[in-house]
Amino acid sequence: MRSMKRAALAVALAGLCAQAAAENITPNLKFNGFGTASAAAVNKDQGGEYLRDTYTNYLGLTEDPNYTLESVLGLQFDYRINDKTSIVTQLVAKGSDYFDVNAEWAYIAYQFNDNLRGRAGHLGMPIFMYSDSIYVGQSYPWVRLPSELYHAIPTTSFSGADLLYRLPVGESWNFNAQVLTGASNTPQFYTSNAVGTNLSLSNDSLLMRVGYTQSKLDNPAADNTALQVDGEKTSFLNAGFILDDGKWFVAGEFGQLKIDGWLSDWNAGYLSAGHYFGKWLPYVLASTTHTFNEQDCLDTGACVLNIPGVANIDRLASSYLNQTTYAIGAKYAVSSGLSIKSQVDKVIPSSGSNGFVAYQDIPNPAPGAITPSPYDESTMAHNPTSFYVFTLALTAAF
């Protein structure tokens, strides 16, 4: 079944690429396509896998080159029913999900007037600067979105509704406001009663944005009641900017996740700068994430384990999130819709933390100890040392 899905998407994408010069298939149907082919490896064995998908258990980055983890194919269709109503669908096949085809977006949009638009259905989760193009590698210069911020949120879409308001300001600026409500699910966690708002101000070269979303969080599939989360309030704050004037590229973004109960909270962010030299854009990037309020977990006893070879007190809720990355890279624009990228990352997990290195070789707990779920096993402390990641990517969009 998976091979049939992969073949179907590949044939569809190849067919659409062949007629990419024609923007519309029919007068009422527009389509776009995008893809990333990526190869990456780390320079030394960490005993685990970097950026392993803990939900699909897809192999992460090791010393052996990985050609599929960060590879993506996608198609987006926009069918206009009438002057005010349209249906939008985005199909995405990710290497980390064995190239199964999933509907990332599937919603109905209604244009009330020139400034106000409403949408309902399955929408992209609008909590980051690059949420609308999270799988479109051609939309950003890096080989991957900064892991410390973007890898820490396990879902990229939600089911619900939103309103988008646009107001021109002066001759060159636009003010945008969004309000949203809905819910999202992952194999481990459910969010419900989500409400949020995003505000942005932009012109042709500068975008400034701030957003806030809160919801209720549950994990009813937890193996042990001590590790369950039951209707805890969750809030996410995000702020950032992108400057891209054809000479300079500068971007910065900050996010803060706070969760009531035993789960720890975190701050994450990045800053990047680059300068255009013709078709070349060399850049530097620094990103970091750090957890706080770990004591909430320790106070419950849920994080106190007695496992041979592992520290007696193991912070399941936070041990994988403390990490800093410094990177240099370059993007070469082959054409307006095709780019080659290369990047070298130095990843530095904080002392006592795994960073985003996941492990599957956890010994069995001692008698009477709390048994962690498979999700938590990947977060238990092995104290990896700093290492390098080498990545080469080809990105395309039309």
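Since every read-out is calculated from the coordinates, none of them should be taken as a lab result. What you are looking at is a predicted structure, and each value in this text was computed from that prediction instead of being measured. A quick note on method: Cβ atoms are made from the backbone with ideal geometry, for glycine too, and the neighbour counts reach across all protein chains shown.
Is the shape of segment 25-173 rounded, prolate or oblate, going by the alpha carbon gyration tensor and its root eigenvalues a ≥ b ≥ c, with a/c under 1.5 for rounded and a/b larger than b/c for prolate? Numbers along the way, then the final one.
On the way: a/c = 2.42, a/b = 1.98, b/c = 1.22.
Prolate is the answer for segment 25-173, as a/c is 1.5 or above and a/b outweighs b/c.
Please enumerate, by chain and number, the lysines with C-alpha under 24 Å from the C-alpha of K258, excluding those fewer than 8 residues away in the same chain.
Correct list for K258: K216, K233.
Near K84, which lysines are there with a Cα under 30 Å away, not counting those fewer than 8 places off in the same chain?
Partners within reach: K30.
With a 10 Å radius around each residue's Cβ, average the other Cβ atoms per peptide and rank 103-114, 60-71, highest first.
Sorting 103-114, 60-71 by mean packing, highest first, produces 60-71, 103-114.
Taking a cut-off of 23 Å between Cα atoms, list the lysines near K247, but don't count ones fewer than 8 places away on the same chain.
Within the straight-line limit of under 23 Å, K247 reaches these lysines: K279, K331, K341.
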